[in-house]
Amino acid sequence: MGTDKALLEVGGRTLLLRAVDLVREAGGDPIVIGPPRPPAALGGARQADEAWGAAGQGGPLPALRHGLALCGAGQAALALACDVPLVPASFLRFLVGAVPGWDAVVPRVAGDMHVLTAAYDPAACLAVLDRALARGTRAVHAVLGDLRVRFLDAEAIAPYGGAAILLNVNTPAEKEQAESALRERGR
């Protein structure tokens, strides 16, 4: 996109603020894992940038591991990339509620695993992620085989808007597609 996607405006708000507000709407306490940002850009969310060099610059797996370590014990943690603005709060609540009995709940639609729009059990995942990081692994997909994962197919996602809710804004065309969908929803 040629710019910091988190600060890209979609439908009149930045992708980051949309994600923060969405997590709150779903009942969560958002923690932003990313490079240091001014407080206004965070919408009141906690910023976990103290280890960004190690967590974020090393790829998604170190960032996920850092975020899971910051979550409270005994609760599911939601990973939500800021560039998926069409996910409804009801789907996020569903993800978190589906974690008991699983290490992770991950949407898998048309062969794509949406590991950063997923829910995790930090207690079950941290040791697995640590071992993977020690081996030099940086991709979240690479550790799923070591976790008990409930994959959600298109049928499971259908009540929440189907595969369209997982639109990832990576191009100007996808940005326009997201803005159009948000206008239709009045959001």
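The values are calculated or read from the model by the stated rules, or taken from the named source; none is laboratory data. Owing to the predicted nature of the structure, the values given are computational and were not obtained by experimental measurement. Positions of Cβ are generated from backbone atoms using ideal geometry, with glycine treated the same way; all protein chains shown enter the neighbour counts.
Condition check ((1) aromatic (Phe, Trp, Tyr); (2) in a strand (DSSP E or B); (3) under 21 Å from Lys5 (Cβ atoms); (4) at pLDDT 95 or above) across all residues:
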{"site": "Cys82", "(1), (2), (3), (4)": "no, no, yes, no"}
{"site": "Pro85", "(1), (2), (3), (4)": "no, no, yes, yes"}
{"site": "Leu92", "(1), (2), (3), (4)": "no, no, yes, yes"}
{"site": "Leu95", "(1), (2), (3), (4)": "no, no, no, yes"}
{"site": "Trp102", "(1), (2), (3), (4)": "yes, no, no, yes"}
{"site": "Arg108", "(1), (2), (3), (4)": "no, yes, no, yes"}
{"site": "Val115", "(1), (2), (3), (4)": "no, no, yes, yes"}
{"site": "Leu133", "(1), (2), (3), (4)": "no, no, no, no"}
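Out of all the residues in region 82-95, which are surrounded by fewer than 19 Cβ atoms within 10 Å (Cβ to Cβ) and among the hydrophobic types (A, V, I, L, M, F, W, C)? Within region 82-95, Ala89, Phe94 meet the criteria. Is it true that Gly53 is assigned to a loop (DSSP other than H, G, I, E, B) and either modelled with pLDDT of 95 or more or over 29 Å from Glu176 (Cβ atoms) (or both)? In short, no. When region 162-177 is limited to residues that are of a type in the set (A, V, I, L, M, F, W, C) and either without any contact (Cβ under 8 Å) to a residue 60 or more places away in the chain or not in a helix (DSSP H, G or I) (or both), the one that is farthest from Ala26 (Cα to Cα) turns out to be Ala173.
Regarding Pro159, is this residue under 23 Å from Gly27 (Cα atoms) and not in a loop (DSSP other than H, G, I, E, B)? Criteria met by Pro159. State which residue is surrounded by the most Cβ atoms within 10 Å (Cβ to Cβ) when the search covers only region 21-52 and only residues that are in contact with a strand residue (DSSP E or B) (Cβ under 7 Å, 6 or more places away or on another chain) and among the β-branched types (Val, Ile, Thr). Applying the filter and picking the extreme gives Val32. Reported count of residues in region 153-177, each being in contact with a Leu (Cβ under 8 Å, 6 or more places away or on another chain) and under 17 Å from Asp112 (Cβ atoms), is 9. Selection over region 125-144 of residues that are surrounded by fewer than 17 Cβ atoms within 10 Å (Cβ to Cβ) and either within 23 Å of Leu92 (Cα to Cα) or within 17 Å of the chain's Cα centre (by Cα) (or both) gives a count of 5.
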